[in-house]
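Chemist: Would you mind keeping the following structure in view while I ask a few things?
The values are calculated or read from the model by the stated rules, or taken from the named source; none is laboratory data. If you're wondering where the values come from, they're calculated on a predicted model, not measured in any experiment. Here the Cβ positions follow ideal geometry from the backbone for every residue, glycine too, while neighbour counts run over all protein chains shown. Ligands, DNA and RNA are stripped out before the accessible areas are found, and what is left, the full protein with its side chains, is counted by its heavy atoms. Shrake-Rupley method; radii C 1.70, N 1.55, O 1.52, S 1.80 Å.
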Amino acid sequence: MCSSSALEGTGWAAAPHQSLQDGQQLHIRAHRMGSSSALEGTGWAAAPHQSLQDGQQLHIRAHRMGKSERAKDGRPSRTAQVLSERSIARAHTPGTMLFLLAAGSVFFPGLFLLSKQCLKQLPGLRWSEGDAVTVSARLVSSIQAVMASSAGYIISTSCEDIIEDQHWLTSSYILFAVPYFVYDIYAMFLCYWHKLQVKGHEVDNGPKLKSVALTSYLRREFLMVLHHVVMVTVCFPVSVFWRQGKGDYFQGVMFLAELSTPSVCLGKILIQYKQQHTLLHKVNGALMLITFFICRVLLFPYLYYMYGRYASIPFYLVPLEVPWQCNAGALFLMAPQLYWFSLICRGALRLFTGRSSRSRLPSCPASSCPDAHGPSPSNGYSSQAAALDTPTTASH
């Protein structure tokens, strides 16, 4: 959504319909005087040597905003709507932030519990606890992915200026979704715990054995748990506070990475119920491969390309122009995506070529076969999972 950041502190917010005319006048005055006198009251007096350049930029931005001032039918202009939404975007008081965090803390675990109870108790279903937990966890992940992708589409298509424009949904959804990553760490552990109780791995529910299971879970799922922890402890404060309202477009595009999650979750469920031979499984596997590559692997190169286009610099020079923190963050987030995508490719190769690593393994007793030593990681990002008929990746 186009924002009014160029007009803040200039006294134009009260009269958006004058943005074009005032922008032209300020540009002319800055050009004639070449000093800060024309900019008194606008907050630019501290940088008089930039008066001409800033006046030109403000004139251009005011011209863009002034094109859609007021519709002929008398309804509020787009600029007025922008100013209103900008005020909403800045209205995240501590109370509002706590409310959104609390809402997410209730919504995602509550949805998980509701789904699990329905799958266990509805007539005609009566699923076991383990099946209900696994499917419910995937269902919640898929719903979160749809919500994030929808928010990302709205944000990215509403921002015309990819740096300055703001949308109220950006920070709001980040605050709402942060508790999801905390919940999902626990949900993945529940999936792992129930997997230990199938295929001859039944265990007691004693605290000692659960402690052992937790240690094994953290070891197997280290990369995924680390990803979730970083999302909460690093990406959350960076996105809400450090950005200072800049780059909502980029944040919206990053939300679109979740487009690959529903196919990932469906693939996991199909494998759980031994449906690898079905056409649905193959179609879903192809969709997962395509969406994961487009939405996660190509994500950061696309963001760098868009910034280079915005700043009128070559693509290969963008890493040298942006802050080093941006490069470090992009590298840290992209590395696991490349690793997981390589596992998906290995699984897809075996799926579509009809090869399976199990068909090449010699027959062996249950105690010595690879599956007898424990379940595959609940997120599916493992070399063992990649050797199966299709990759079974996690939802993030």
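Chemist: What helices (runs of 4 or more DSSP H) lie completely within the stretch 235-317 and have 2 or more residues being within 24 Å of residue 341 (Cβ to Cβ), open to solvent by 30 Å² or more (accessible area, probe 1.4 Å) and of a type outside the set (A, V, I, L, M)?
Modeler: Passing ranges, in order: 261-272, 299-311.
Yes/no per residue for (1) closer than 25 Å to residue 219 by Cβ; (2) open to solvent by 20 Å² or more (accessible area, probe 1.4 Å); (3) modelled with pLDDT of 95 or more:
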site: 128; (1), (2), (3): no, yes, no
site: 143; (1), (2), (3): no, yes, yes
site: 155; (1), (2), (3): no, no, yes
site: 163; (1), (2), (3): no, yes, no
site: 167; (1), (2), (3): no, no, no
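Chemist: Related question: Within the bounds of the stretch 332-348, is there any residue that is open to solvent by 90 Å² or more (accessible area, probe 1.4 Å), at pLDDT 90 or above and within 18 Å of residue 260 (Cβ to Cβ)?
Modeler: Looking through the stretch 332-348, at least one residue is open to solvent by 90 Å² or more (accessible area, probe 1.4 Å), at pLDDT 90 or above and within 18 Å of residue 260 (Cβ to Cβ).
Chemist: Go through (1) modelled with pLDDT under 90; (2) in a helix (DSSP H, G or I); (3) of a type in the set (D, E, K, R) for residue 204 and report which single condition fails.
Modeler: Result: residue 204 fails condition (2) only.
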